[in-house]
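Down below is the structure, laid out as structure tokens.
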Amino acid sequence: MAVLQEKELARPVPLTAGADGVIRLTGTRVTLDTVVAAFEEGATPEEIAQQYPTLALADIYAVLGYYLRQRETVAAYLHERQEASAAVRSENEKCFPPTDIRKRLLARRKAVFH
């Protein structure tokens, strides 16, 4: 019978922070935000794996286990991400006001197709 090696018992959580500060599941483009949001909306790890085929089911379980043990830390990270996203959105809306966007898009479309 094989004995489990210590290195097999102490695998790191498969999360990697990119240069942009965004945490993704290692080796994928799927963010921690995405997995946590799906879980919080009631998706099971198996459903998350079906929705994101690049994710290994074992990695999803490991990440969700980390999330459940470190809720405050992950919540703080998610809050920072939401604030950064809101700041970018606000800056974009200053440069490109959303008012009358439908009119502008229809005018641009008309100009292209006529």
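The values are calculated or read from the model by the stated rules, or taken from the named source; none is laboratory data. Remember, predicted model here, so these are calculated numbers, not experimental data. Virtual Cβ from ideal backbone geometry, glycine too; neighbours counted across all protein chains shown.
Assorted remarks:
- Considering residues of segment 30-49 that are in contact (Cβ under 8 Å) with a residue 24 or more places away in the chain and under 8 Å from the mean Cα position of the chain (by Cα) only, the residue farthest from ARG71 (Cα to Cα): VAL30
- Of all the listed residues (LEU105, LEU78, LEU57), the sole one being surrounded by fewer than 14 Cβ atoms within 10 Å (Cβ to Cβ), touching a residue at least 12 places away in the same chain (Cβ under 8 Å) and among the hydrophobic types (A, V, I, L, M, F, W, C) is LEU57.
- Within segment 47-95, the only residue that satisfies the criterion of being within 18 Å of ALA17 (Cα to Cα), of a type in the set (Lys, Arg) and modelled with pLDDT under 95 is ARG81.
- So VAL36, is it β-branched (Val, Ile, Thr) and assigned to a loop (DSSP other than H, G, I, E, B): no
- Residues (over 17 Å from PRO12 (Cβ atoms) and surrounded by 12 or more Cβ atoms within 10 Å (Cβ to Cβ)) located in segment 35-49: VAL36, ALA37, ALA38, PHE39, ALA43, THR44, PRO45, GLU47, ILE48, ALA49
- Filtered residues of segment 95-109 (kept if assigned to a loop (DSSP other than H, G, I, E, B) and of a type in the set (Val, Ile, Thr)): THR99
- Qualifying residue in segment 68-75 (condition: under 12 Å from VAL13 (Cβ atoms) and not in a helix (DSSP H, G or I)): yes
- The set of residues in segment 1-17 that are modelled with pLDDT of 95 or more and either aliphatic (A, V, I, L, M) or not in a strand (DSSP E or B) (or both) comprises VAL13, PRO14, LEU15, ALA17.
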